[in-house]
Every structure is written in C-alpha cells, then in structure tokens.
Amino acid sequence: MNMISLLSRLAAASAFAMLAGGANSTAAQALNHTGLAEPKTETTIVYAGAAYSAADLKPVFEAFRKAHPNIIVDYQSVPFNDFNSVLATRLGRGDKSIDVFDVDMPRTSAYAARGWLGEVSEAFPDLAAAVDPGSLKAATVDGKLVAVPYQTSTNIMYYNKKLLSAADISFPPSDPGGRMTLETLADLARKAKDSGAKWGVVFDQIDRYYQLEPLAISAGGGEGGIGQGNLEPAVANDGWEKALGWYGQLFIDGLSPRGVQTSETPDLFASGQVAFYVGGPWWAPQFQKSSELDFGIAPFPAFAGRPAATPTGGWSLGLNPNSDKAAAALIFMRFMAIENGGFAQYMPSLAVPPSNLTGAEKFYASAALSDPRMAGAVALMKSELAKTSVQRLQTVGYVEFEDVMTRTISDIINGADPKSSLQAASDELDSVWDKFR
C-alpha cells in the first residue's frame with residue numbers, strides 16, 4: 001500500500017484518549033491531511049529538538065533536502081532543561097509554530113494526554129519490523145502509535161582490570177549468561193576498595209531514576225506507578241525498598257562517593273579511581289583516550305534469583321496535530337527515523353544506538369566498539385535491547401514523578417532511611433498527581 005492511500009485512511013483514524021486538567025476527558029485528535037504527496041512549491045517545516053545540535057544534524061538535513069527539494073527543515077535546537085517548558089508554551093496554546101518535535105520517551109504519555117501528539121499509526125504500518133521493541137512500546141499509548149522512535153540507549157558495566165587484579169578478582173564475562181548479581185558486585189567493590197581502589201563502584205547517572213529503575217524492577221518493585229494511567233504511586237513497597245536500600249548502603253560503606261554530580265562520574269573511572277562503573281556505551285571514547293586505562297565490560301547486574309532489567313529509552317519524533325504541513329512533516333519523519341536506516345547513515349559518529357535496527361548497525365560498527373577493551377559489547381548490547389530493557393514509567397505525571405524520585409534518591413544517597421523516604425515520596429506523588437485524575 002502506498003503512502004498516499006495510507007494517509008487518506010489516516011484522516012479517518014480513530015481518536016486517542018486524553019486526560020486534561022484534573023478530570024478524565026476525551027478529545028478527538030484527528031489529523032486533517034489527505035496524503036503524503038510531495039509539495040509542489042517550497043514548504044518549510046519547523047522541527048524543535050533537544051537531542052542533537054544543529055551542527056550534529058546538518059548532514060541529515062542536507063541529505064533530506066537533496067531527496068526532497070521542496071521541503072526545508074527549520075531546525076530549532078532547545079536545551080533539554082528548557083525543552084518541556086518551550087513545548088508547553090508553543091503546543092499548549094494549540095498553535096502551528098512547530099510541526100515536528102523531539103519526544104523524550106518517558107514523556108510520551110504526558111504529551112499525548114495534553115493533546116500535543118497526532119496519532120500516526122497508519123502512516124507507519126511497518127514500524128514493528130523496523131525498530132527495537134522497547135522503543136516501539138515507548139511510542140505507543142493506548143494501543144496507538146503517537147510518536148516515531150529514532151534513538152534509544154542501553155547500559156553496560158565497565159571494570160578496571162588493574163584494580164581488579166590487585167584485589168585478586170577474576171574479570172567478569174561479557175556474556176549476559178554470566179551476569180553478576182548486585183550482591184556480588186557490592187562484595188567485590190568492597191574487596192577492590194580494601195585493595196587500593198578509591199571507589200568500589202559508581203553508577204554513571206548517580207541519582208537518576210533512568211539508571212536505578214532497573215534495580216527496583218529486578219527486585220520486584222515495578223516501575224513506580226500502577227492503576228489507571230499509572231497514576232497510583234507504587235514506590236513504597238518491598239522491591240523499591242530492597243533496591244534503594246542496597247544502593248544507599250554503597251554510600252554508607254564508602255564504596256560510592258557522595259557529593260558527586262552525574263557529569264563528574266565518568267572522570268572518576270577514566271582517571272583510574274573506580275573498580276566497577278555502571279554506565280552508557282557513550283563513555284567508551286573518553287575512556288579509550290587513556291592508553292594506561294585497561295578495562296573490560298560486563299552486563300548490567302541484577303539481584304540474585306531475580307530477572308535482569310536494564311535501562312533504555314531515548315528520543316522519538318512527534319507530529320503536532322495542529323500542523324497544516326503534516327504531509328511534509330511525515331515525509332521528514334519517515335526519512336529521519338526509517339528510510340534506509342534513518343538519520344544514522346548520515347551522521348559521522350554515533351554515541352548511542354538508533355532505534356532503527358538497520359541504522360543501529362552503523363553504531364555497532366563504530367571504532368569505539370572495535371577497541372579490544374570493548375570486546376563483547378556489541379553482542380551484549382543487542383541482547384539487552386532485545387531481552388532485558390525496561391522503559392521508564394509511562395504516565396501523564398512523569399515530569400512530577402522524575403522530580404520526586406530524583407530528590408528521594410539523593411536523600412537516600414546522603415543517608416536517609418529508604419523505607420521512610422519512599423513512603424514520603426509515595427505521599428508526595430499521590431498529592432501532585434491528584435490534578436491528573
């Protein structure tokens with residue numbers, strides 16, 4: 001079926017449910033275009049993004065213009081910390097000043113509930129075969145495709161061979177079948193510290209839900225929200241208490257450092273101070289700059305006797321349902337995310353894998369992953385994305401959730417009791433989420 005007939009059908013697609021204000025309501029968000037025919041005159045679409053700079057995406061836009069000479073992409077880069085407020089201002093008033101925009105995956109439900117995302121199910125019928133399962137799930141709300149994923153992520157565990165050898169610790173395998181337990185990791189981190197490592201173990205995103213949610217899921221605590229719209233807090237439970245109790249103990253025992261920002265953690269490993277570093281593959285090029293840093297990689301750990309869970313998530317593209325240039329916008333979205341591997345084929349280097357399975361092969365073939373110190377990383381990351389990856393909580397109240405959980409994790413890092421801290425977080429979430437129910 002060609003795209004013109006698809007878009008004719010798309011105009012009649014069913015609406016998706018929307019939560020608004022403090023009460024449940026629904027609103028039809030029908031797309032008002034009738035086809036994906038190339039525009040006959042020069043057309044400019046506005047793309048607001050936070051994932052990449054204009055310089056990063058310049059070769060993508062140049063390739064797109066060559067393939068679609070009548071469509072100009074006006075890319076407006078916005079710092080991530082300001083991005084949500086910019087979208088709220090411009091999309092919240094229902095205007096047409098943005099046609100396409102980046103969607104931070106865990107905020108998909110929140111954006112859809114606010115009526116910011118047009119459904120694109122029929123425009124992308126082939127998406128399930130084109131992108132990784134976790135990304136597709138993140139782009140789907142109530143069974144409807146409301147975004148088109150283009151970039152995802154995963155995590156691995158680096159280890160310093162010199163520090164492990166000094167502690168007589170065997171190097172862990174890269175095979176997920178040999179995944180280390182979190183209990184063992186804490187024991188080995190203590191052994192490494194006792195043998196001279198300044199820090200036994202450091203998590204890259206030291207106080208962030210993105211990286212610590214998998215610990216709670218592995219412990220049986222869940223994503224943090226349940227019920228209608230995931231608006232019933234579910235963090236004051238045994239699983240979350242076990243996960244953050246284990247994590248907080250690392251700091252009590254001096255195995256992980258207090259007072260360190262996320263931006264500072266890779267430098268600790270790069271300078272040889274950390275025995276085990278749980279983090280993203282995007283740090284490999286920095287670590288490889290030091291010829292004296294001999295390291296290896298292993299799977300993200302899990303609790304003993306419990307299923308493995310690994311962080312994932314990244315960026316999707318959303319279509320403004322009020323855009324009057326939707327056909328041109330969808331042509332760009334397909335080019336960026338899907339065609340021949342999407343944007344990845346035009347980028348000189350990639351720090352994280354594209355959601356597109358074909359495009360991801362370029363990431364896996366990168367020089368950083370060919371370094372002998374990253375042996376086994378490609379097979380490991382492919383396995384994690386396919387089998388163990390968990391998205392962050394999908395809820396209209398995600399922005400508030402992330403803020404509450406970041407503060408709660410920080411409190412526990414600094415010695416607060418996990419059980420009482422999580423109960424306080426649950427109570428606060430129950431209050432701030434009330435406006436969405």
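Some notes on this structure:
- Looking at the chain alone, DSSP beta bridges between its own residues are antiparallel in about 60 percent of cases.
- Taking amide H as placed 1.01 Å from N in the peptide plane, the amide H of V390 sits under 5 Å from that of T310, T312, each at least 5 places away or on another chain.
- Amide proton proximity set for S153, modelled H, under 5 Å, gap of 5+: G313
- Projecting the Cα positions of G305, F80, Y52 onto the charge dipole of the chain (unit charges on Cβ atoms of Lys, Arg, Asp and Glu, taken about the Cα centre) puts Y52 furthest along the positive direction.
- Computed [θ] at 222 nm, deg cm²/dmol, the chain (DSSP H ≥ 4; -39,500 (n - 2.57); rounded to nearest 500): -11500 deg cm²/dmol
- GluC sites (Glu not before Pro), loop per DSSP, at most 14 other Cβ atoms within 10 Å - longest free stretch of the chain: 43-291
- Segment 356-437: relative contact order in percent, alpha carbon pairs under 8 Å with at least 6 residues between: 24 percent
- From the alpha carbon centroid of segment 326-378 to that of segment 113-167 is 13 Å.
- Rounded to the nearest Hz, the phi-derived 3J(HN,Hα) couplings of segment 422-432 under the Karplus curve 6.51 cos²θ - 1.76 cosθ + 1.60 (θ = phi - 60°) are 5, 5, 5, 5, 4, 5, 5, 4, 4, 6, 6, where x marks glycine and proline.
- Probe 1.4 Å, accessible area per residue of the chain, Å²: 39 Å²
- Here's how it looks for G225: its modeled amide H is under 5 Å from those of A234, which are all 5 or more places away or on a different chain.
- Prolate/oblate/rounded label for segment 373-437 (Cα gyration tensor, a/c 1.5): oblate
- About its Cα centre, the dipole of segment 135-246 is roughly 460 debye, where the only charges are +1 on Lys and Arg Cβ and -1 on Asp and Glu Cβ.
- The structure-derived value of Rg and Dmax of the Cα atoms in Å appears in the list (i) 34.8, 108; (ii) 36.7, 143; (iii) 22.4, 71 under the label (iii).
- Note that segment 147-154 has calculated 3J(HN,Hα) couplings of 7, 10, x, 9, 8, 10, 7, 8 Hz, one per residue in order, obtained from phi through the Karplus relation 6.51 cos²θ - 1.76 cosθ + 1.60 (θ = phi - 60°); glycine and proline are x.
- Mean separation of Cα contacts under 8 Å (6+ apart) over length of the chain, as relative contact order %: 26 percent
- Count Lys and Arg as plus one, Asp and Glu as minus one, and take only other residues whose Cβ is under 14 Å from that of Y247; the net charge is then -4.
- With Cα atoms, 0 to 90° folded angle of helix 238-252 axis to the chain main axis: 60 degrees
- Counting only protein heavy atoms and a probe of 1.4 Å, the accessible surface of the chain is 51% carbon and sulfur.
- Calculated from backbone phi, Karplus (6.51, -1.76, 1.60) coupling profile of segment 347-363 in Hz, x at Gly/Pro: 7, x, 8, 10, 8, 9, x, x, 5, 5, 5, 5, x, 4, 4, 5, 4
- In degrees, nearest ten, helix 398-413 long axis to first principal axis of the chain (Cα): 10 degrees
- Against the chain, whose longest principal axis comes from its Cα atoms, helix 209-218 is set at around 70 degrees.
- Dipole axis of segment 153-200 (+1 Lys, Arg; -1 Asp, Glu on Cβ), positive-most option in A189, S153, W199: W199
- Taking segment 158-199 and dividing mean pair separation by its residue count, relative contact order in percent (alpha carbons under 8 Å, at least six apart): 48 percent
- Net charge, L231 excluded, C-beta distance under 13 Å - Lys, Arg +1, Asp, Glu -1: -3
- Translational diffusion coefficient (Stokes-Einstein; Kirkwood radius from C-alpha pairs) of segment 267-335 at 10 °C, 1.306 mPa s, in µm²/s: 97 µm²/s
The values are calculated or read from the model by the stated rules, or taken from the named source; none is laboratory data. As the structure is a computational prediction, the values presented were derived from the model and not from experiment. Every residue, glycine as well, gets a Cβ built from its backbone with ideal geometry; the counts of neighbours run over all protein chains shown. Heavy atoms of the whole protein, side chains included, go into the accessibility calculation; ligands, DNA and RNA do not. Shrake-Rupley method; radii C 1.70, N 1.55, O 1.52, S 1.80 Å.
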